[in-house]
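The values are calculated or read from the model by the stated rules, or taken from the named source; none is laboratory data. Predicted, not measured: the structure shown is a model, and the values here were computed from it. FYI the Cβ positions are ideal-geometry reconstructions off the backbone, even for glycines, and counts take in every protein chain you see.
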């Protein structure tokens with residue numbers, strides 16, 4: 001009788017290592033000790049496992065799963081454009097799905113089950129993460145993953161592509177300081193999201209370097225969406241000494257700030273300078289055009305797709321952690337104080 005093939009979890013237990021270590025050996029990754037590699041490879045050989053070596057094994061459908069937290073934003077569309085173009089050139093289709101639930105950061109159990117049924121070749125996760133059980137399931141299926149703009153600290157065994165959020169936050173604030181503003185407020189995204197914390201930390205670093213105290217109430221928390229920018233700007237305007245400048249940690253929140261200022265009979269930039277973050281298409285066409293920090297969303301998505309296709313082909317990555325630059329784009333929403 002043919003011996004039933006063991007799962008990767010059973011191989012890992014027998015070898016006394018983690019499932020990610022077994023996956024590294026299976027995929028020819030070099031970052032495994034020789035003795036450990038030999039022990040794991042012996043067990044893999046005994047159970048009939050072989051390394052991935054082609055972009056589309058016979059039992060795979062030539063698909064990439066792209067998982068986003070929100071499908072309705074222009075931010076998501078730039079990501080999809082970056083993934084789809086490269087996937088198309090490589091002969092792969094793209095399955096796009098959302099993380100359902102406003103405060104969720106990971107796909108649910110049904111997604112994990114459907115992943116196996118779709119026989120996809122790889123997974124791209126945007127501003128989301130996976131539970132240990134889900135990571136183990138991907139390992140079992142032999143499906144590589146890459147994270148774009150991680151929602152948390154990415155697992156050591158999953159590559160990621162991000163942006164220099166801290167540097168972008170600092171550049172935005174320094175621009176306002178250079179214009180002579182001292183009362184500069186910030187509206188951050190969810191404090192649990194690393195990119196949001198990094199942008200606010202960049203703001204604080206610039207203020208500290210300039211010797212400027214951050215007044216009470218000038219650090220606000222939103223959710224990256226326009227209504228929260230609108231709400232928090234109203235709160236800032238209600239302060240005894242409102243700010244003269246605002247750094248919103250997303251373009252959508254900056255546009256929400258525009259609306260709040262308009263309702264108060266105030267003008268951008270005459271009464272308040274505003275800087276955003278992302279450089280969405282809407283930033284260019286806002287009135288006035290929005291000064292913002294460009295997050296290279298399409299380039300991030302393309303880079304992550306290249307990395308994923310390399311993993312699908314069984315190739316070694318030059319780096320598991322990549323951050324792309326975030327330059328300041330100066331338009332007409334800022335002026336000297």
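Anything in the stretch 75-97 that is touching a strand residue (DSSP E or B) at 6+ places or on another chain (Cβ under 8 Å), crowded, with 18+ Cβ neighbours inside 10 Å and closer than 25 Å to residue 253 by Cα? List them, or say none.
Scanning the stretch 75-97 gives 75, 76, 79, 80.
How many of the residues making up the stretch 1-36 are modelled with pLDDT under 65, touching a helix residue (DSSP H, G or I) at 6+ places or on another chain (Cβ under 7 Å) and surrounded by fewer than 16 Cβ atoms within 10 Å (Cβ to Cβ)?
Looking only at that region, the number is 1.
Please pick out the residue among 265, 276 that is in the same structural domain as residue 198 (by TED's automatic domain parsing) and surrounded by fewer than 23 Cβ atoms within 10 Å (Cβ to Cβ). Spell out the reasoning first.
Details: 276 fails: surrounded by fewer than 23 Cβ atoms within 10 Å (Cβ to Cβ).
Going through 265, 276 in turn, the sole match is 265.
So in the stretch 166-197, with the set limited to residues that are over 20 Å from residue 217 (Cα atoms) and modelled with pLDDT under 95, which one is surrounded by the most Cβ atoms within 10 Å (Cβ to Cβ)?
My answer is 195.
Would you be able to say whether some residue in the stretch 81-100 is modelled with pLDDT under 70 and either more than 30 Å from the chain's Cα centre (by Cα) or outside the structural domain of residue 225 (by TED's automatic domain parsing) (or both)? Before you say what the answer is, go through the steps one by one.
Initially, the stretch 81-100 is screened for residues modelled with pLDDT under 70, giving 100.
Next, from what is left, pick out any that are either more than 30 Å from the chain's Cα centre (by Cα) or outside the structural domain of residue 225 (by TED's automatic domain parsing) (or both): 100.
Within the stretch 81-100 (the criterion being modelled with pLDDT under 70 and either more than 30 Å from the chain's Cα centre (by Cα) or outside the structural domain of residue 225 (by TED's automatic domain parsing) (or both)), the answer is yes, since at least one residue qualifies.
Would you confirm whether or not the stretch 198-216 contains a residue that is under 24 Å from residue 72 (Cβ atoms) and either within 22 Å of the chain's Cα centre (by Cα) or surrounded by fewer than 16 Cβ atoms within 10 Å (Cβ to Cβ) (or both)?
Residues of the stretch 198-216 under 24 Å from residue 72 (Cβ atoms): 199.
Now drop any that are not either within 22 Å of the chain's Cα centre (by Cα) or surrounded by fewer than 16 Cβ atoms within 10 Å (Cβ to Cβ) (or both), which leaves 199.
Checking the stretch 198-216: at least one residue is under 24 Å from residue 72 (Cβ atoms) and either within 22 Å of the chain's Cα centre (by Cα) or surrounded by fewer than 16 Cβ atoms within 10 Å (Cβ to Cβ) (or both).
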